[in-house]
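Take a look at the structure set out below.
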Amino acid sequence: MLFQRLIYTSDAVSDFHEEDLSQILDVSRRNNAICGVTGLLVYAEGHFLQLLEGRKTDVDDRYARIVTDNRHQNCKIVHRQSAPSRCFPKWEMGFKSDVSIDRIDHLAHELQSSVELDHHVSRKPQVVRKFIHAFGELNL
């Protein structure tokens, strides 16, 4: 079975505090466990970057619900691919908030560039690996 991997970015409509993020994570982890979606969420200085992975229909359903959440705006898919395995099979939702926004912006920009520019399409898997590796370095 192939898994769907989707990475998107969005902007918070207001500042999120630790208790706000905790509430989002609790609900996300519960809902993701029910539908078999795994992934990670990064929040920095009013911006989100999230990776979702699972069966295509489940990932698409989760993302469709996410984009209707009025706590954020400007949702933009920066990467989507089929993959033979998950990167985060045991995480209903990994999370990190104390990461540099510059690092997130740089990785998101590289991902978006690889999607938009034909000559970068061959680099997309490398950029995704770089993103996943960078997240792993955040010491969850």
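The values are calculated or read from the model by the stated rules, or taken from the named source; none is laboratory data. The shown structure was predicted, so the numbers you read here are calculated from the model rather than taken from an experiment. Note: ideal-geometry Cβ built from the backbone for every residue, glycine included; neighbour counts use all protein chains shown. All accessible areas refer to the heavy atoms of the entire protein, side chains included, with ligands and DNA or RNA removed. Shrake-Rupley method; radii C 1.70, N 1.55, O 1.52, S 1.80 Å.
Report in % the part of the accessible area of the range 1-83 that belongs to carbon and sulfur, leaving out ligands and nucleic acids; probe 1.4 Å. List each step's numbers first, then the result.
Details: 1980 of 4210 Å².
Roughly 47 percent, rounded to a whole number.
Can you list, largest first and rounded to whole Å, the semi-axes you get for the range 1-89 by taking the square root of 5 times each eigenvalue of its Cα gyration tensor?
Details: eigenvalues 98, 39, 24 Å².
Over the Cα atoms of the range 1-89, the semi-axes work out to 22, 14, 11 Å.
Which part of the range 53-87 falls in the paramagnetic zone of Met1, meaning amide N under 18 Å from the point 7 Å along Cα-to-beta-carbon?
Output list for this probe position: 53-63, 81-87.
What ³J(HN,Hα) values, in whole Hz, does the Karplus curve 6.51 cos²θ - 1.76 cosθ + 1.60 give for the range 46-60 when θ = phi - 60°, with x put for Gly and Pro?
Residue by residue, the range 46-60 yields x, 10, 10, 9, 9, 10, 10, 8, x, 5, 3, 5, 5, 5, 4 Hz.
Output wanted: per-residue J couplings in Hz (rounded whole) for the range 69-80, from phi through Karplus 6.51 cos²θ - 1.76 cosθ + 1.60, θ = phi - 60°, x for Gly and Pro.
Once rounded to whole Hz, the list reads 6, 7, 7, 9, 8, 6, 5, 9, 6, 9, 6, 8.
Please compute the per residue accessible area over the range 1-73 with all protein chains in place, 1.4 Å probe, rounded to a whole number of Å².
Ligands and nucleic acids excluded, the figure is 51 Å² per residue.
If I stretch the segment between Glu45 and Lys76 completely, what's the gain in nm (0.36 nm per residue apart, minus their alpha carbon distance), one decimal?
That works out to 9.4 nm of additional length.
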